[in-house]
Amino acid sequence: MLSEQIVNPEPRIATEFENKLVCNVCEDELERPNHCDFCGKSTCSNCIVKRRKSKDDAFHPVCEYCERIFLERILILSVKKQKEELTNSLEQANVELANKRQQLYSFKNVLQNNPDSVTSEQKIQKLDEDIIEATYQKNILLSQQQEIEIEKIELKQSNMEKAQNVDIKQVKLQETLNKAQKSKDELEDIQRQIDEFLANLPILEAEQKSAITQLDFSNYEQIFRGSNLPELMNQQAIKQSQIMQQPSSKKKQEQKKECNIF
Ligand SMILES: [Zn+2]
Ligand SMILES: [Zn+2]
């Protein structure tokens, strides 16, 4: 396709022939007439280096000169095109850059001229400060909570120890109460024995008194009468047997029991 732009559109057929047919490139004598379709000059078959496509879509012979010019033109045009493309790209980039810069400036202006933007910045700064303060307060609260937890545990332990002490004291108190109750029972038992003894005391006294009185009297009678000793002893034996048979509730019961047993 490049060739279309480069190649001479009208291949000229050489109209003039010199007397001597020589190649325009290498100056060798031509055996038969031959020419380059692009410059139209006589050229030998060795110096026809290429066949290039022309406007008529057909391939035409091209001499070495024309081929060099052709390649140079290809190169130059290619470079020119690249240069143009680069320039265009650069211009486009510059335009875009300018646009961006313009947008940036206008945005900056809007920000600077907008009182809300300043307020927003201040608000953000205030929020940051609030967050720092809140974090600080939160940490304080957390440490306080930990202290409370520790106190709670200590209090719980102390309460448990106190409860244990109270239990021990209760057990000891119960033991003391049991001992006191036992002592009380024993005392009551003794008191009952004493009461019983006291209740029987008048009877015993009366018994003793009557026995002593009778004994004394008999003695006195014997002494005063001066009777003989064997009679006195006999009388005493009779008195004693009478005393033994006299009512003493306990003795009677015991005697009855003995009777029952036998
Ligand atoms: Zn030649
Ligand atoms: Zn030529």
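For (1) within 16 Å of ligand 2 (Cβ to nearest atom); (2) of a type in the set (Ser, Thr, Tyr); (3) farther than 29 Å from ASN34 by Cβ, each residue gets a yes or a no:
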{"position": "ARG73", "(1), (2), (3)": "yes, no, no"}
{"position": "ALA93", "(1), (2), (3)": "no, no, yes"}
{"position": "GLU96", "(1), (2), (3)": "no, no, yes"}
{"position": "THR119", "(1), (2), (3)": "no, yes, yes"}
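Pull up the stretch 17-38, narrow it to residues that are open to solvent by less than 30 Å² (accessible area, probe 1.4 Å) and in contact with a Pro (Cβ under 9 Å, 6 or more places away or on another chain), then point me to the one that is nearest to ligand 1 (Cβ to nearest atom).
Across the stretch 17-38, the extreme among qualifying residues is CYS36.
Within the stretch 49-69, does at least one residue satisfy the condition of being open to solvent by 100 Å² or more (accessible area, probe 1.4 Å), part of a helix (DSSP H, G or I) and away from ligand 1 (no atom under 16 Å from the Cβ)?
no
Can PHE107 be described as surrounded by 11 or more Cβ atoms within 10 Å (Cβ to Cβ), of a type in the set (Phe, Trp, Tyr) and either more than 16 Å from ligand 1 (Cβ to nearest atom) or not in a helix (DSSP H, G or I) (or both)?
no
The values are calculated or read from the model by the stated rules, or taken from the named source; none is laboratory data. All figures in this text were calculated on a predicted structure; none of them were measured in a lab. Glycine gets a Cβ as well: all are built from the backbone with ideal geometry, and neighbour counts include every protein chain shown. When the accessible area is computed, the model is the full protein with side chains, heavy atoms only, and any ligands, DNA or RNA have been set aside. Shrake-Rupley method; radii C 1.70, N 1.55, O 1.52, S 1.80 Å.
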